[in-house]
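Undergrad: Pasting a structure here, questions to come.
The values are calculated or read from the model by the stated rules, or taken from the named source; none is laboratory data. Only a predicted model underlies this, so the values are computations on that prediction, with no experimental measurement involved. All Cβ positions, even for glycine, are placed from backbone atoms using ideal geometry, and neighbour counts span all protein chains on display. Heads up: the accessible areas ignore ligands, DNA and RNA and are worked out on the full protein's heavy atoms, side chains in. Shrake-Rupley method; radii C 1.70, N 1.55, O 1.52, S 1.80 Å.
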Amino acid sequence: MATPPRDILLTGDDRFELMSGISAAFRRPENAERLLMMIGFPAMRMPNFNLNMTRAWNEVFTDLENGILPPAPYRTILLAALRVYSDHPVLRPLAKRYGLAPAGRPRAVADPVAQSADGDSTLHNASVHGGDTLRVDAPSDPEKRGSVSLDPPVGVHVFAASPSDRVLLRASAELRAIQTVARYRNITVTLSTATNLLDLQEVLTTRPRILHLSTHGESGCLVFEDALGEAVLVQANDLVGLLSTYRERAGLRLNGLVLNSCDSAAIAEQFRGVADVVVAHRGQLDDECAIAFVQNLYETLSQVPDLASAAWIAAEQVSRAIGSCARTVTNLVVLSGAGAR
């Protein structure tokens, strides 16, 4: 068995220099996110680079310091950055000081960096394997990949509500997990937030294949919001009635409905007439488990284009990978025309 690479022991000044160099090199939010995806940084911990780049990179480096990416996080992120910018004036000297010999930019089927119209760079799909080895994949844009299948993207409409008078949901983290996956997969995401039942009509414009509901669940109801941001309990049959009308009168056909809320299994059966597949959960659904399940679900869906199968695979992965989420697979409910498992 190969010995895992040892990490570099950075001084405080060099840690700051590494963070500053990387944040300057990867100053576009999509590039920062893609670099982290390259090295296996968990999507559920991905900060929002669009709000504050400095704060976001501080959060990333704090996570690296706390062991989120063993066994050699600093070595891994430094070498990954140098595979993209091999002559960077800050990162290359830093690597030399710690005995790392950065190779030149790899020859591959696609250059990981492409110039955009504003002169900045856009990082294409790439991944780091075995700590130090970079493999560059084809760009995410199908038009730049040559002769490939131009399958239509999977449209996902996220309907999120977290009323002010209920325990705060990490709906933004759940949305970021979906959006992060969508950047690199054949998925498009649209969003309705602070939602009430009338907002549901947005699906007539977005026409998603999958409707994803991220809300609280209580007493056989879904918890939406009123005009003041406070909780409104919506009966499942009211939601079903609207979706049925959209299906019959406007031709809206949902391939899938994801009820990512506590106790959603209690109402899942009512939705079988408005979606080909319904995904729900028994009992309580911890925020960490909900986010991890969502991330894995849509990553898997890009590889296994059957929502029911993708849901079971995602639940199994989360149950085995995260100790506190061990019951995710046993609590999962997937309903389809063939019945429930």
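Undergrad: Could you check residue 318 against (1) among the hydrophobic types (A, V, I, L, M, F, W, C); (2) touching a Cys at 6+ places or on another chain (Cβ under 6 Å); (3) modelled with pLDDT under 90 and say which number it fails?
TA: Going through (1) among the hydrophobic types (A, V, I, L, M, F, W, C); (2) touching a Cys at 6+ places or on another chain (Cβ under 6 Å); (3) modelled with pLDDT under 90 one by one, residue 318 breaks only (3).
Undergrad: Consider only pairs whose beta carbons are under 7 Å apart and that are at least six residues apart or on different chains; among these, list those whose first residue lies in the range 202-224 and is assigned to a loop (DSSP other than H, G, I, E, B) and whose second residue is among the aliphatic types (A, V, I, L, M) and open to solvent by 60 Å² or more (accessible area, probe 1.4 Å).
TA: 220/266
Undergrad: From 316, 288, grab the single residue that is touching a residue at least 24 places away in the same chain (Cβ under 8 Å), among the charged types (D, E, K, R) and surrounded by fewer than 16 Cβ atoms within 10 Å (Cβ to Cβ).
TA: 288
Undergrad: Sticking with this structure for a sec: Quick check on residue 72: is it open to solvent by less than 50 Å² (accessible area, probe 1.4 Å) and farther than 26 Å from residue 286 by Cα? Give the steps one after another, and end with the answer.
TA: Details: open to solvent by less than 50 Å² (accessible area, probe 1.4 Å): yes; farther than 26 Å from residue 286 by Cα: yes.
So residue 72 passes the test.
Undergrad: Can you find even one residue in the range 18-30 that is among the acidic types (Asp, Glu) and under 26 Å from residue 298 (Cα atoms)?
TA: yes
Undergrad: Looking at the range 59-78, can you tell me whether even one residue there is at pLDDT below 85, under 22 Å from the mean Cα position of the chain (by Cα), over 23 Å from residue 296 (Cβ atoms) and not small (Gly, Ala, Ser)?
TA: For the range 59-78, residues at pLDDT below 85, under 22 Å from the mean Cα position of the chain (by Cα), over 23 Å from residue 296 (Cβ atoms) and not small (Gly, Ala, Ser): absent.
Undergrad: Within the range 277-296, can you find the residues that are modelled with pLDDT under 95 and within 14 Å of residue 307 (Cβ to Cβ)?
TA: Of everything in the range 277-296, those that are modelled with pLDDT under 95 and within 14 Å of residue 307 (Cβ to Cβ) turn out to be 293, 294, 296.
Undergrad: Here's something else I'd like to know. List every residue pair whose Cβ atoms lie under 6 Å apart, where the two residues are 6 or more positions apart in sequence or sit on different chains, the first residue falls within the range 4-32 and is closer than 17 Å to residue 83 by Cβ and of a type outside the set (Ser, Thr, Tyr), and the second residue, located anywhere, is at pLDDT below 85 and surrounded by 15 or more Cβ atoms within 10 Å (Cβ to Cβ).
TA: Within 6 Å, the pairs are 5/131; 31/123.
Undergrad: A follow-up question, please. Condition check: open to solvent by 10 Å² or more (accessible area, probe 1.4 Å), of a type in the set (Val, Ile, Thr) and more than 25 Å from the chain's Cα centre (by Cα). Does residue 11 satisfy that?
TA: Details: open to solvent by 10 Å² or more (accessible area, probe 1.4 Å): yes; of a type in the set (Val, Ile, Thr): yes; more than 25 Å from the chain's Cα centre (by Cα): yes.
Yes.
Undergrad: State which residue is modelled with the highest pLDDT when the search covers only the range 45-58 and only residues that are more than 12 Å from residue 20 (Cα to Cα) and open to solvent by 40 Å² or more (accessible area, probe 1.4 Å).
TA: Ranking the qualifying residues of the range 45-58, first place goes to 48.
Undergrad: Name, by its number, the condition in (1) on the phi > 0 side of the Ramachandran plot; (2) at pLDDT below 85 that does not hold for residue 207.
TA: Of the numbered conditions (1) on the phi > 0 side of the Ramachandran plot; (2) at pLDDT below 85, the odd one out for residue 207 is (2).
Undergrad: Got at least one residue in the range 86-102 being open to solvent by less than 50 Å² (accessible area, probe 1.4 Å) and at pLDDT below 65?
TA: yes
Undergrad: Okay, next question. Just one of 230, 299 is surrounded by fewer than 19 Cβ atoms within 10 Å (Cβ to Cβ) and either under 26 Å from the mean Cα position of the chain (by Cα) or at pLDDT below 90 (or both); which is it?
TA: None of the other options fit; the residue is 230.
Undergrad: Can you tell me which residue among 216, 212 is surrounded by 19 or more Cβ atoms within 10 Å (Cβ to Cβ) and either within 28 Å of residue 305 (Cβ to Cβ) or aliphatic (A, V, I, L, M) (or both)?
TA: After applying the criteria, what remains is 212.
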